[in-house]
Amino acid sequence: MACAVSRQPLLARLPGAVGTAAAYANVALRKLRLPVPLLRSRLAFYGRFELVPTTPELIVGALDLHAGHGLSVYDAMIVQAAIVSGCTQLLTEDMLHGAVFGGVRVVNPFLAPA
């Protein structure tokens, strides 16, 4: 299963960690200054997708990725959520294209095909 994770505010996390949804809400309110009704409607839309709960086990797995691969804790949480969800690809421009973590390949969707 290919899954998409993006830090862009208009793209859904498929799947994403609950912490990612919380981070999105924070950015949407503070930096993007979205009105609360619009943010509620976007979160309702995102709620139709699988959300991976941020459990102690997920955090421990993310810490292992952080320690073993030098990922930021935030990126490690996203990668661990993809691993737990059975994703084969993680779409993001914020990590090294082609890197593989726990069977999940990082793909930058904005790179031109080789």
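Here, each number is a calculation from the coordinates, and none is a lab measurement. Everything numeric here is computed off the predicted structure, so don't read it as measured data. Cβ coordinates were reconstructed from backbone atoms using ideal geometry, including for glycine residues, and neighbour counts include every protein chain displayed.
Structure summary
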read-out: Cβ-derived FRET efficiency at R0 25 Å, PHE49 paired with PHE110, nearest 0.05; value: 0.70
read-out: Per-residue ³J(HN,Hα) for the stretch 92-108, Karplus 6.51 cos²θ - 1.76 cosθ + 1.60, θ = phi - 60°, Hz, x for Gly and Pro; value: 7, 9, 9, 10, 5, 4, x, 5, 10, 10, x, x, 9, 8, 7, 10, 8
read-out: Highest average packing first - 46-57, 67-78, Cβ atoms within 10 Å; value: 67-78, 46-57
read-out: Placed amide H near GLN89: partners under 5 Å, 5+ positions off or other chain; value: CYS3, ARG105
